[in-house]
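One structure below.
Just so you know, all these numbers are worked out from the coordinates, no wet-lab data involved. Here the structure is a predicted model, which is why all the values come from computation and not from measurement. All Cβ positions, even for glycine, are placed from backbone atoms using ideal geometry, and neighbour counts span all protein chains on display.
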Amino acid sequence: MGAGKTTIGRMLAKQLDKDFYDSDVEIEKKTGVKIPLIFELEGQDGFRKRESLVIEELCQLNDIIMATGGGAVLMPENRAFLKNTGKIIYLRGKVNDLYQRTRHDKTRPLLQGGNMKQKLERLYIERDPIYTSLADYIVDTGAQSALEITSHIEAILKK
């Protein structure tokens, strides 16, 4: 959450001349409503079911770059879809960096209400081991610019 999946994914797709898909954007297109409203009406479980359906559909496409929501890896079926489809790149950020990138963002339901930094820490502790075990490549986002990260990933993929 806040690692730059959408930004980096979009840039990488452009550099590699591939189509880009963001699973959250695809969910919003299918439902006609924003993610926070889905969370409000259906809760996290309802959202995750919708997310799994979209990820399964996107995994049927060939030669694309896909960004998923940060919690997509919590669902075993999503991990299987992604692992069986292509290369998984984990954009790993430090909690403080993620906090700096997301602290003014009101569109992230899991970070609303209470101490946002503590929530990010809990999400990181929950998700990092899953991403680490699932990833084909791990790219630390740290102080690098989006362009530097994109170029690094492009070099990895060309190996």
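Remark: spin-label model distance Leu37-Gln60 equals 2.6 nm, labels positioned 7 Å along the Cα→Cβ axis. State which entries of Lys18/Lys119; Lys34/Lys94; Lys5/Lys30; Lys18/Lys94; Lys49/Lys119; Lys119/Lys159 exceed 31 angstrom in Cα-Cα distance in the structure shown. With Cα atoms farther than 31 Å apart: Lys18/Lys119; Lys119/Lys159. Our coupling estimate for region 21-32, obtained by passing each phi through the Karplus curve with A = 6.51, B = -1.76, C = 1.60 and θ = phi - 60°, is 10, 10, 4, 5, 5, 5, 4, 5, 5, 5, 8, x Hz, Gly and Pro reported as x.
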